[in-house]
Amino acid sequence: MAGASTRLLNSFPTRPIASLLLCIWPWSHQLMSSVPEKGGAEEVLALGDSDPAKPPPFRISDVRAAIPGHCWVKDPWRSMSYVLRDAAVIAALANCAVYLDSWAFWPLYWFAQGIMFWALFVLGHDCGHGSFSDITWLNNMMGHLLHSSLLVPYHGWRISHKIHHQNHGNADKDESWHPLPEKIYKELNSTSRKLRFTVPFPLFAFPVYLMWRSPGKEGSHFLPSSSLFDPKDEQDVVVSTMCWSAMVALLVGLSWLYGPLPMLKLYGLPYMVFVMCLDLVTYLQHHGHSQKLPWYRGKEWSYLRGGLTTIDRDYGWINNIHHDVGTHVIHHLFPQIPHYHLIEATKAAKPVLGKYYREPNKSGPLPLHLVGILLRSFRVDHFVSDEGDVVYYQTDPHLFGDIKHKSM
């Protein structure tokens, strides 16, 4: 469906077919409403009363003070209850799939189990931030169990994700889904450029990122010699890579024992859905807002300004399943807050954030509205200028044909 939609958008001018798209693509109003008539700085200011490129009139301490004290309290028993809940659902789904062994049920299983794998990853992500509990050994133990079961090296990813949080919104130093500088973008061959921005290929980027990182960056999440890590991280990275290897060995052994096809159906395809969820959610937390948001360099960047360019999203029924990961702005500013307090913390902080907080579009039961936003962002958000301390995504007009968007 995504490929057909992309071909449709490539074939016609955007504005004249808005009404047609609304008939055949129910969530296309999100895409249409987010395509402005003008580019450049006029586009930024026309879509909001405040210029997001300017420093906010408040400090991060003001935001912190607005959040109730109990929102910072980490309850390890409550955190463990979410692990047990998710594990029980995963086991129940797997048992149902094996018992029914019906092609009428398998697709539903793959989707539901992939969402549950993603939920487990979010809990492991909390372990990496230390928001799971104040007990370091518990965070590390649960982080290894949860992430290794999903073929993610816990410490390797934890460290790179910390770099992402410490440099969010920094065009040069951000770690995940950072913008490509124009020079690096132009050095990519045409096939690499097309694959990077054509659905569904970017939604399978996470395993590749773990192994080789992003264009313009070197290293691997599995090797302690990687430029990602300091010498003090060596033992942690080795342990995580060994846990990852043990999970790979377990999957190979089960495939030999029960056959590769049953393991593909039980684990492999849900794993692919999980990877797609991770890439989609992570990308949309930092891209695709109707108001163009800046990336910073040099003295223009600050931890607060970078965090304020992150975006909250509504995922409908999935909000509770994946532990309200859509409440991303406050999480980025204060990753120590447990996920079960993020909604309350966000509500408390909104009066301070004012226009610098962007209310997410409300979702139906399933977040189908995000598909149009994702497609539109992949079509227009390609690279940023090599120069300038406040930069915006620019569009390669030749990547998907003649797109009438002015660069910023």
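No lab work stands behind these numbers, since they all come straight from the coordinates. As the structure is a prediction and not an experimental result, all values here were calculated from the model. Neighbour counts are summed over all protein chains in view; Cβ atoms, including those assigned to glycine, are modelled from backbone coordinates with ideal geometry.
Structure notes:
- Taking N as the residue count of region 142-293, its C-alpha radius of gyration divided by 2.2 N^0.38 Å amounts to 1.13.
- Of all aspartates and glutamates in the structure, the ones whose alpha carbon falls short of 14 Å from that of residue 183, not counting any fewer than 8 places away in one chain, are 172, 386, 387, 396.
- Prolate/oblate/rounded call for region 212-279, Cα gyration tensor, a/c under 1.5 rounded: oblate
- Reachable aspartates and glutamates from residue 54, criterion Cα separation under 17 angstrom, eight or more residues apart if same chain: 42, 43, 300, 389
- Subtracting the Cα-Cα distance of residue 230 and residue 96 from their residue separation scaled by 0.36 nm leaves 43.7 nm.
- Percent of alpha-carbon pairs separated by more than 21 Å within region 319-404: 53 percent
- Evaluating kT/(6 pi eta Rh) at 20 °C and 1.002 mPa s, with the Kirkwood radius of region 76-148 over Cα pairs in the Stokes-Einstein relation, gives 165 µm² s⁻¹.
- Given (i) 39, 24, 21; (ii) 33, 27, 22; (iii) 38, 24, 18, the label whose value is semi-axes √(5λ) of the Cα gyration tensor in Å derived from this model: (ii)
- The chain: relative contact order in percent, alpha carbon pairs under 8 Å with at least 6 residues between: 25 percent
- The Cα atoms of region 323-369 give a gyration tensor whose axes a ≥ b ≥ c have a/c of 1.5 or more with a/b no greater than b/c, which makes the shape oblate.
- R0 of 51 Å, Cβ-Cβ distance residue 258-residue 302: FRET efficiency to nearest 0.05: 0.45
- Mean ellipticity per residue at 222 nm, deg cm²/dmol - from DSSP H runs of n ≥ 4 across the chain, formula -39500 (n - 2.57): -16000 deg cm²/dmol
- For residue 180, the amide hydrogen comes within under 5 Å of the amide hydrogens of 384, counting only partners 5 or more places away or on other chains and with H modelled in the peptide plane.
- Note on the chain: GNM, Cα springs under 10 Å; of 375, 84, 210, the largest mean-square fluctuation is that of 84.
- Between the listed residues 167, 357, 330, the Cα displaced farthest toward the positive end of the dipole of the chain, a dipole computed from Cβ unit charges relative to the Cα centre, is found at 357.
- Kyte-Doolittle mean at least 1.0 and Cα axial length at least 30 Å: DSSP H helices in the chain: 234-258
- Span per principal axis, largest first, for the Cα atoms of region 41-189 (Å): 59, 48, 32
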